[in-house]
Structures are given as structure tokens and as C-alpha cells.
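The values are calculated or read from the model by the stated rules, or taken from the named source; none is laboratory data. Just so it is clear, the model here is predicted, and its values are computed rather than measured. Quick reminder, even Gly has a Cβ in these numbers, built from the backbone with ideal geometry, and neighbours come from all protein chains shown. These accessible areas exclude ligands, DNA and RNA; they are computed on the full protein's heavy atoms, side chains included. Shrake-Rupley method; radii C 1.70, N 1.55, O 1.52, S 1.80 Å.
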Amino acid sequence: MSRQVTHRLTYDAPPERVAAMLRDADFRRAVCAAIGMTRAEVSVSEDGDNAEIVLDQWQPTAGLPSFAKKFVGEETNIIQAESWAGATQGDIVVTIPGKPGDMSGTAVLTEDAGVTTETVTMTIKVGIPLVGGKIESMIGEMLLAALETENRLGRDYLSR
């Protein structure tokens with residue numbers, strides 16, 4: 001079983017500026033802090049228009065339902081790896097080392113009349129019988145909240 005989530009983030013900036021923002025390690029660290037990560041290591045390596053971005057993040061699990069918390073513990077490590085082939089298309093893989101689940105998908109930047117839309121499409125899979133669907137739903141809600149926070153911080157970042 002799996003769950004697909006698609007979310008669109010809009011920015012009043014051309015795709016090149018949005019791509020540069022997404023490759024800014026300080027911006028990514030600010031997003032991690034704003035969504036409640038207790039610590040985050042961000043690495044960005046670029047080769048022309050291509051980029052590899054890795055966010056190694058730790059998040060407390062306080063407030064999670066007990067059925068989910070027993071699988072992840074008091075704090076969980078989340079590794080998000082992005083591979084951007086050019087400025088406007090990125091593949092994303094999110095893993096939780098040692099846990100039975102992952103997310104994978106894409107981020108695509110498109111422009112219309114000076115407004116860039118980032119469309120993030122992710123497939124969430126949790127391989128736990130009986131409660132996997134509940135956990136996928138919960139992860140989907142957390143993903144949407146994180147993307148909304150990133151969009152809010154990104155609009156502020158791009159307005160400077």
C-alpha cells in the first residue's frame with residue numbers, strides 16, 4: 001500500500017531564483033528549524049546546472065500517536081536526498097534509516113508570467129501491516145505542513 005501527495009508552492013520569482021534558493025544550505029537549515037527538526041546537516045554539491053542536496057535531519061517524536069511512536073522511538077533520523085538534473089527538475093528520496101518506510105518523488109519548477117510554481121509529488125510507503133496506512137496518512141499530513149512552511153519561508157527569502 002502507498003499514498004501519493006501532490007502539493008504546489010508558488011513564488012513571485014523566476015525559476016532560476018527559486019532553484020538558487022533551494023540550493024542555499026542556509027535556507028534549507030532555516031526550513032528544518034522552522035518545521036521542528038532538533039538538528040540538521042545540509043550538504044549541497046553543484047556541477048553546472050545539476051545539484052545534489054542531502055538533508056540529514058533529526059526530529060523529536062513527541063506528540064505522535066503511540067502506534068507510530070513505538071516504531072520510530074523518541075527521536076527519528078530522516079534523510080532527504082535530492083538530485084537536480086538542471087534547474088527545474090529534481091528527484092527526491094526520503095528515508096528513515098532502519099525503519100520500514102520511505103518517500104520518493106519529484107519537484108518540478110515551471111514559470112507563468114513571472115510566477116514560479118514548484119510542484120512536489122511524493123509517494124509515501126510504510127511496510128507495516130495493519131497500521132501502515134495510518135502512518136502513511138500521518139506522514140502525508142506532516143509533509144504538507146513542512147511544504148507550507150518551506151513556501152512561507154521561501155516567499156520571504158525571495159522578497160529580499
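What a 1.4 Å probe finds exposed on the chain is 52% carbon and sulfur by accessible area, rounded to a whole percent. When the charge dipole of the chain is built from unit charges on Cβ atoms (+1 for Lys and Arg, -1 for Asp and Glu) and taken about the Cα centre, the candidate among 10, 80, 61 whose Cα reaches farthest toward its positive end is 61.
The residues packed around residue 60, meaning those with a beta-carbon under 10 Å from its beta-carbon, carry a net charge of -2 if Lys and Arg are +1 and Asp and Glu are -1. Debye-formula intensities of the stretch 88-160, expressed as log10 I(q)/I(0) at q = 0.21, 0.24, 0.25 Å⁻¹, are -0.99, -1.15, -1.20 (one equal scatterer per alpha-carbon, no solvent). A quarter of the convex hull surface defined by the alpha-carbon atoms of the chain gives 9.0 nm² as the mean projection. How much accessible area per residue does the stretch 1-97 have, counting only protein heavy atoms and a probe of 1.4 Å, in square angstrom? Per residue, the stretch 1-97 has an accessible area of 53 Å².
With a cut-off of 10 Å between beta carbons, the residues surrounding residue 88 carry a summed charge of -4, where Lys and Arg count +1 and Asp and Glu -1. Each Cα pair under 8 Å and six or more residues apart adds its sequence gap; the mean of these over the residue count of the stretch 13-160 is a relative contact order of 19 percent. Of 130, 22, the residue with the largest accessible area leads and the full order is 130, 22 (1.4 Å probe). Maximal additional length on extending the residue 148-residue 25 stretch stands at 42.4 nm, based on 0.36 nm per residue less the C-alpha distance.
At a probe radius of 1.4 angstrom, the accessible area of the stretch 114-157 per residue rounds to 46 square angstrom.
Averaging the Cα positions of each part gives two centres, and for the stretch 1-66 and the stretch 122-143 these lie 19 Å apart.
Where does helix 132-159 land angle-wise versus the long Cα axis of the chain, in degrees 0 to 90, nearest 10? Long axis of 132-159 versus the principal axis of the chain: about 30 degrees.
A simple count of charges around residue 144, restricted to other residues whose Cβ falls under 15 Å of its Cβ and scoring Lys, Arg +1 and Asp, Glu -1, yields -2.
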